[in-house]
Amino acid sequence: VTGPFEPGERVLLVDQRDRRYLVRLAPGETWHSHGGGVAHDELIGAPEGTVVRSPSGMWFRAFRPRMADFVLKMPRGAQVVYPKDVGPILVEADIHPGARVLEAGTGSGALTMALCRAVGRDGRVVSYDLRPEFQEKAASNVETFLGKLPEWLELREGDVREVATTGETYDRVVLDLPEPWAVLDALSGVLPSGAIVCGYLPTTIQVQQLVLAADPAGYEHLETFETLHRTWHVTERSVRPDHRMVAHTGFITILRRVPSAPQGAPQGW
Ligand SMILES: C[S@@+](CC[C@H](N)C(=O)[O-])C[C@H]1O[C@@H](n2cnc3c(N)ncnc32)[C@H](O)[C@@H]1O
């Protein structure tokens with residue numbers, strides 16, 4: 001979306017200290033910042049990058065939120081896949097336009113949005129979650145950010161293992177749930193050889209349990225990695241890393257579905 005801000009849109013307001021606020025524009029309404037009220041009408045019809053001032057002299061610059069901005073500000077029930085990890089997941093799990101992707105759990109829908117954008121209207125995203133209240137929140141988040149729920153997304157309430165009875169097949173699977181090793185057997189029937197499974201896990205113990213379960217269930221372990229995203233402070237007088245960073249979120253593990261090994265092949269093949 002480009003052009004002037006319209007009523008109903010979400011805008012991101014960033015103050016001089018880089019604090020960020022997400023505001024839904026409505027004619028005649030006022031946004032109450034800690035520096036006093038700012039009229040939405042000052043932003044409606046204005047271009048992105050517009051600067052507005054609060055009565056106490058605070059300045060805010062307005063942009064349309066990027067997906068990463070939105071995810072960190074949207075209502076969350078479960079822990080989201082952190083924006084720094086979304087890019088690597090899409091690339092390393094090779095989520096491409098037209099792909100059929102299975103996701104579990106939906107959680108707050110942070111990854112669901114990214115998957116929907118990556119596969120596009122020729123693709124399909126089916127996302128399971130055990131908890132209906134998370135799916136409702138996710139649906140509302142996806143709809144808010146993308147404008148409407150994409151027709152190529154299906155949210156299903158239930159255990160992802162239920163997919164085994166559907167007769168469907170998938171090219172890619174992303175698992176952000178506490179015990180992914182427990183679903184590998186059930187998923188093998190919906191995954192052709194070569195299909196990619198990506199696990200997102202917060203602890204090394206879980207990673208090891210997933211990797212050890214992979215081979216017996218018919219998956220090859222390609223890699224496990226983490227991403228470290230260190231932002232920098234850049235001014236005329238100094239250029240240095242910021243003092244704070246998000247040091248740990250999750251480990252990403254990539255598995256690939258393989259046919260069963262021929263008799264006599266070495267272990268792991
Ligand atoms: C950490 S959250 C997922 C967050 C999500 N990836 C996001 O970015 O917003 C984990 C979710 O997995 C769900 N879950 C756990 N086991 C599951 C299973 N076997 N099948 C489906 N969902 C499951 C939980 O209910 C929870 O909502």
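Here, each number is a calculation from the coordinates, and none is a lab measurement. Keep in mind the model is a prediction, meaning the values are calculated, not measured. Glycine also receives a Cβ, built like all others from the backbone with ideal geometry; neighbour counts cover every protein chain displayed.
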Point to revise | Gyration tensor verdict on region 44-87 (Cα atoms; rounded if a/c is under 1.5, prolate if a/b is larger than b/c, oblate otherwise) | key: prolate
Check your understanding: Percent of alpha carbon pairs in region 4-72 separated by more than 18 Å?
Key -> 28 percent
Practice item. List the pair-distance distribution P(r) of region 88-180, using every Cα-Cα distance, as the percent of pairs falling in each 10 Å bin from 0 up to the bin containing the longest distance, rounded to whole percents. Key: 18, 54, 28, 0
Study note, to complete from the structure: At q = 0.09, 0.19 1/Å the base-10 log of I(q)/I(0) from the Debye formula over the alpha-carbon atoms of region 1-159 is -0.35, -1.12
**Study point:** Per residue, the convex hull volume that the Cα atoms of region 100-152 enclose (Å³)
**Key:** 60 Å³
Review point. If the cut-off is 17 Å between C-alpha atoms, which lysines fall inside it for residue 84, apart from same-chain ones fewer than 8 positions away?
Key: 73
Revision key, fill the gap. Ordered by fewest other Cβ atoms within 10 Å, a rough proxy for footprinting exposure, 34, 40 read 34, 40
Review point. For region 223-238, what does the Karplus curve 6.51 cos²θ - 1.76 cosθ + 1.60, with θ = phi - 60°, yield as ³J(HN,Hα) per residue in whole Hz, taken in order and with x for Gly and Pro?
Key: 6, 10, 8, 10, 10, 10, 10, 10, 7, 10, 8, 10, 9, 4, 8, 8
**Study point:** Longest exposed-site-free window of the chain, the sites being GluC sites (Glu not before Pro) in a DSSP loop that have at most 13 other C-beta atoms within 10 Å
**Key:** 1-150
Check your understanding: Ordered by residue, what ³J(HN,Hα) values in Hz, to whole numbers, does region 48-65 give under the Karplus form 6.51 cos²θ - 1.76 cosθ + 1.60, where θ = phi - 60° and Gly and Pro are x?
Key -> 4, x, 4, 10, 10, 10, 8, x, 8, x, 7, 10, 9, 9, 10, 9, 6, x
Review point. In Å, the Kirkwood hydrodynamic radius of region 182-223 over pairs of distinct alpha carbons?
Key: 10.9 Å
Exercise for review: Alpha carbons only, please: Rg and Dmax for region 180-269, in angstrom.
Suggested key: 18.7, 66
Review point. Rule-of-thumb check for the chain: C-alpha Rg over 2.2 N^0.38 Å?
Key: 1.17
Exercise for review: Determine, for 86, 51, 239, the number of other Cβ atoms within 10 Å of each Cβ, and report the residues in order from fewest to most.
Suggested key: 239, 51, 86
Point to revise | Of 68, 16, 145, farthest towards positive along the dipole that unit charges on Lys, Arg, Asp, Glu beta carbons give the chain | key: 16
Check your understanding: Quick one: Kirkwood hydrodynamic radius for region 83-124, alpha-carbon pairs, angstrom, one decimal?
Key -> 10.3 Å
Review point. Longest exposed-loop-site-free stretch of the chain, with trypsin sites (Lys or Arg not before Pro), DSSP loop and at most 12 other Cβ within 10 Å?
Key: 149-229
Review point. Under 20 Å Cα-Cα from residue 137, which aspartates and glutamates qualify once same-chain neighbours fewer than 8 residues away are excluded?
Key: 9, 69, 103, 129, 151, 154, 157, 159, 176
Review point. With axes computed from alpha carbons, what is the tilt in degrees of helix 132-146 against the longest principal axis of the chain, rounded to the nearest 10 within 0 to 90?
Key: 60 degrees
Review point. Using the count of nearby Cβ atoms within 10 Å as a rough guide to exposure, how do 113, 74 rank from fewest to most?
Key: 74, 113
